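The values are calculated or read from the model by the stated rules, or taken from the named source; none is laboratory data. Bear in mind the structure is a predicted one, so any value in this text is a computation, not a measurement. Cβ atoms come from the backbone with ideal geometry, glycine included; neighbour counts cover every protein chain shown. In case anyone asks, the SASA skips ligands and DNA or RNA and just uses the protein heavy atoms, side chains included. Shrake-Rupley method; radii C 1.70, N 1.55, O 1.52, S 1.80 Å.
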Amino acid sequence: MKIGVMTGGGDCPGLNAVIRAVVRKADAFDSRVVGLRNGWKGLLDLSPVDLDTKMVSGILHVGGTILGTSRTNPFKDPAGPEKALKNFRLLGLDALIAIGGEDTLGAAARLFAKGLPVVGVPKTIDNDLSGTDFTFGFDTAVSTATDAIDRIHTTAESHNRVMVVEVMGRHAGWIATYAGIAGGADVILVPEIPIDLDEVCDMILRRHSRGKSFSIVVVAEGAQFAEKAGSEGDLIVQESQTDEFGHVRLGGISQVLSKAIEKRTKFETRFVVLGHIQRGGTPTAHDRVLATRFGVFATEMAHRGEFGQMAALQGNRIVAVPLADATSKLKTVDTEIYDIAKEFFG
Ligand code: F6P
């Protein structure tokens with residue numbers, strides 16, 4: 001069997017661990033693996049690279065992706081899907097393993113409907129893909145954000161400040177909720193719940209009236225003020241131009257929020273945007289194991305002919321779920337976990 005593998009969307013700790021697992025498992029099946037560079041672009045532009053076990057040696061713990069990535073959408077150009085299918089045949093491939101998030105795997109689901117034999121692997125630090133309890137990369141992002149919150153704590157405490165920490169999370173506040181709980185945040189704001197500024201300031205004032213002289217607020221980049229909540233057009237953005245999947249570049253909610261908090265509470269308030277620091281660096285042991293399990297399972301799925309499906313974690317088992325189900329609806333934060341976080345607000 002000849003298998004193509006590609007990584008699409010934002011980079012994510014653990015991508016190389018999946019590529020390594022795919023190549024090693026394919027080798028055990030006596031199959032060949034071809035890497036496609038820079039996401040769907042690699043299939044459209046035909047930039048294959050033969051991958052063997054030597055080439056994937058020593059990459060398990062390395063962040064980023066040896067194949068490169070991009071936000072190329074094969075459906076952007078009406079001729080794109082046909083070109084992708086034609087190039088797949090030209091390369092003599094029998095299967096494609098697409099490692100990506102909602103956009104990359106959404107395109108994979110649509111290409112499967114057009115006849116592409118594709119298997120998905122769920123990647124995103126945002127953990128917002130349905131069908132899987134967790135995506136790989138999320139644990140690393142949470143660890144990095146928690147470490148940052150711990151460091152910010154010392155400045156908040158020493159200077160008697162309110163510190164607003166902005167983390168990634170376009171549509172879902174998984175990183176904010178988990179890192180907020182782990183870092184002992186006093187307020188956590190997520191895209192799922194519109195921000196009520198009065199309530200946020202009341203929580204901070206209540207905390208300070210109990211003798212505390214500092215507060216930590218964690219906010220997801222996609223959170224919106226209650227009066228503005230609604231469409232993606234009302235998000236606070238760095239760049240309003242959209243990518244090929246129609247997303248604006250988010251960033252800046254922490255600055256707006258910190259100004260508003262300072263104005264209302266009169267407490268000195270600063271903000272920090274963690275940005276791509278959360279996506280970089282070496283994956284945690286948890287993510288290395290999860291990425292490896294996904295890679296091995298996806299390669300087995302390709303050999304079993306289980307196309308149009310995604311490897312997913314359910315409980316502690318890796319199972320196959322339909323790509324169409326995994327990408328039809330985003331997985332937002334569980335009320336149960338957010339309620340735990342709320343116990344510690346204010
Ligand atoms: O991978 C998803 C994500 O981390 C979002 O939370 C964030 O909005 C986006 O990537 C940023 O992507 P880029 O690197 O393209 O600016």
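Are there any strands (runs of 3 or more DSSP E) wholly within the range 259-346 with 1 or more residues that are not assigned by TED's automatic domain parsing to the domain that holds Ser31, and if so which? Talk me through it step by step, then tell me what you get.
Working: elements: 269-273, 309-314, 317-322.
Ranges flagged: 269-273.
Would you tally the residues in the range 1-49 being in contact with a Pro (Cβ under 8 Å, 6 or more places away or on another chain) and either open to solvent by less than 10 Å² (accessible area, probe 1.4 Å) or among the hydroxyl-bearing types (Ser, Thr, Tyr) (or both)?
10
Filter the range 178-209 for residues that are open to solvent by less than 50 Å² (accessible area, probe 1.4 Å) and not in a helix (DSSP H, G or I) and give the result. Please lay out each step first, then the result.
Pass one, the range 178-209, residues open to solvent by less than 50 Å² (accessible area, probe 1.4 Å): 179-180, 183-191, 195, 197, 200-201, 203-204, 207-208.
Those that are open to solvent by less than 50 Å² (accessible area, probe 1.4 Å) and not in a helix (DSSP H, G or I): Gly183, Gly184, Ala185, Asp186, Val187, Ile188, Leu189, Val190, Pro191, Ile195.
When you scan the range 110-125, how many residues do you find that are touching a strand residue (DSSP E or B) at 6+ places or on another chain (Cβ under 8 Å) and either over 21 Å from Ile19 (Cβ atoms) or part of a helix (DSSP H, G or I) (or both)?
Counting residues in the range 110-125 that are touching a strand residue (DSSP E or B) at 6+ places or on another chain (Cβ under 8 Å) and either over 21 Å from Ile19 (Cβ atoms) or part of a helix (DSSP H, G or I) (or both) gives 2.
Lys212 passes all but one of (1) in contact (Cβ under 8 Å) with a residue 60 or more places away in the chain; (2) in a loop (DSSP other than H, G, I, E, B); which number fails?
If we test Lys212 against (1) in contact (Cβ under 8 Å) with a residue 60 or more places away in the chain; (2) in a loop (DSSP other than H, G, I, E, B), just (1) comes out false.
Mind telling me which of the residues Ile253, Ile236 ends up being within 16 Å of the ligand (Cβ to nearest atom) and open to solvent by less than 20 Å² (accessible area, probe 1.4 Å)? Can you show your working first?
On the way: Ile236 fails: open to solvent by less than 20 Å² (accessible area, probe 1.4 Å).
Every option except Ile253 fails the conditions.
Check Gly169, Gly183 and return the single one that is within 20 Å of Asp334 (Cα to Cα) and within 16 Å of the ligand (Cβ to nearest atom). I'd like the intermediate steps shown before the answer.
Details: Gly183 fails: within 16 Å of the ligand (Cβ to nearest atom).
Sole residue among the options that is within 20 Å of Asp334 (Cα to Cα) and within 16 Å of the ligand (Cβ to nearest atom): Gly169.
Just to be sure, is Asp94 in contact (Cβ under 8 Å) with a residue 60 or more places away in the chain, among the charged types (D, E, K, R) and over 27 Å from Val248 (Cα atoms)?
Numbers: in contact (Cβ under 8 Å) with a residue 60 or more places away in the chain: yes; among the charged types (D, E, K, R): yes; over 27 Å from Val248 (Cα atoms): yes.
So Asp94 passes the test.
Would the range 78-88 turn up any residue that is in contact (Cβ under 8 Å) with a residue 12 or more places away in the chain, under 17 Å from Ala291 (Cα atoms), in contact with a Lys or Arg (Cβ under 7 Å, 6 or more places away or on another chain) and not in a loop (DSSP other than H, G, I, E, B)?
No: the range 78-88 contains no residue that is in contact (Cβ under 8 Å) with a residue 12 or more places away in the chain, under 17 Å from Ala291 (Cα atoms), in contact with a Lys or Arg (Cβ under 7 Å, 6 or more places away or on another chain) and not in a loop (DSSP other than H, G, I, E, B).
Can you name the residue in the range 157-177 that is without any contact (Cβ under 8 Å) to a residue 60 or more places away in the chain and open to solvent by 40 Å² or more (accessible area, probe 1.4 Å) and, of all such residues, is nearest to Gly222 (Cα to Cα)?
Out of the qualifying residues, it is Glu157.
Consider the range 126-147. How many of its residues are within 16 Å of the ligand (Cβ to nearest atom) and part of a helix (DSSP H, G or I)? Talk me through it step by step, then tell me what you get.
Within the range 126-147, the first condition is being within 16 Å of the ligand (Cβ to nearest atom), and the residues that meet it are 126-130, 132, 134-145.
Still in the list and also part of a helix (DSSP H, G or I): 138-145.
The qualifying residues number 8.
Being within 16 Å of the ligand (Cβ to nearest atom), surrounded by 15 or more Cβ atoms within 10 Å (Cβ to Cβ), in contact (Cβ under 8 Å) with a residue 12 or more places away in the chain and of a type in the set (Asp, Glu) is the requirement here; does Asp103 meet it? Write out each step before concluding.
Values: within 16 Å of the ligand (Cβ to nearest atom): yes; surrounded by 15 or more Cβ atoms within 10 Å (Cβ to Cβ): yes; in contact (Cβ under 8 Å) with a residue 12 or more places away in the chain: yes; of a type in the set (Asp, Glu): yes.
Criteria met by Asp103.
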